[in-house]
Amino acid sequence: MANPDTPFGLRPYQKILRIRKFVSGGTTDVFKGDVVAMKSDGKVDVLTTTSGANSTLGVAANFKDASAGDTELWVYDHPDQTFVIQDDGAAATPAQTNAGNTAPLILTTGNTTTGLSKHELDISAAATGTADPLKIVDFVAGPGLSIGKNARIVVTLNRHLYKDRVSV
């Protein structure tokens, strides 16, 4: 059975380690499940680079309409938090051998009706480098899910603002 193709951004996996409130500013909507970064003005906004940034803060826990101006944004911001994200189902097929790799994001605008992100993991660019924003930990398998196109992949944020950046 094929995995469903329903992107949802990132969702906390298993236990939530921490969630905190930040001020969100900027001219783009932030969707629940978007990877967010700290800007130079101390406000939080959606990550704008697929390869990550040293200012990656966490994952948005709520939708923030940009037209509302500076508002509250709740963020899963613990550097050791694990998340689940969908593979983009495009060029490459995920495999267990991808565990331990890093991978870039595919950044797309979320759904304004549901407020949910559409970020996906780009498995075709998974590598052993340190510049990508996601680190692949494992895969979610079970009824209706398998390791393959559109797989559910367990990740951590590789380039987290609060994480020691020494590569192991």
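If you go through the stretch 71-122 and keep only what is of a type in the set (Ser, Thr, Tyr) and either part of a loop (DSSP other than H, G, I, E, B) or surrounded by fewer than 22 Cβ atoms within 10 Å (Cβ to Cβ) (or both), you end up with Thr71, Thr82, Thr93, Thr97, Thr108, Thr109, Thr112, Thr113, Thr114, Ser117.
Counting just the residues of the stretch 123-139 that are part of a loop (DSSP other than H, G, I, E, B) and β-branched (Val, Ile, Thr), which one comes out surrounded by the fewest Cβ atoms within 10 Å (Cβ to Cβ)?
Within the stretch 123-139, the subset part of a loop (DSSP other than H, G, I, E, B) is 126, 128-133.
Right, trim to β-branched (Val, Ile, Thr) and you get 128, 130.
Working: Thr128: 9, Thr130: 13.
Ranking the qualifying residues of the stretch 123-139, first place goes to Thr128.
The one condition from (1) without any contact (Cβ under 8 Å) to a residue 40 or more places away in the chain; (2) under 20 Å from Val154 (Cα atoms); (3) among the polar types (S, T, N, Q) that Thr27 does not meet is (2). Is it the case that Arg159 is among the charged types (D, E, K, R), crowded, with 20+ Cβ neighbours inside 10 Å, closer than 16 Å to Phe83 by Cβ and out of contact with any Pro (no Cβ under 6 Å at 6 or more places or on another chain)? So Arg159 does not fit the description; no. Evaluating Ser67 against the criteria (1) outside any loop (DSSP other than H, G, I, E, B); (2) in contact (Cβ under 8 Å) with a residue 12 or more places away in the chain; (3) in contact with an Asp or Glu (Cβ under 9 Å, 6 or more places away or on another chain) leaves one unmet condition, (2).
Values in this text are rule-based calculations from the coordinates and carry no lab data. Quick caveat, the model's predicted, so the values are computed rather than measured. Positions of Cβ are backbone-derived with ideal geometry, glycine not excepted, and every protein chain shown enters the neighbour counts.
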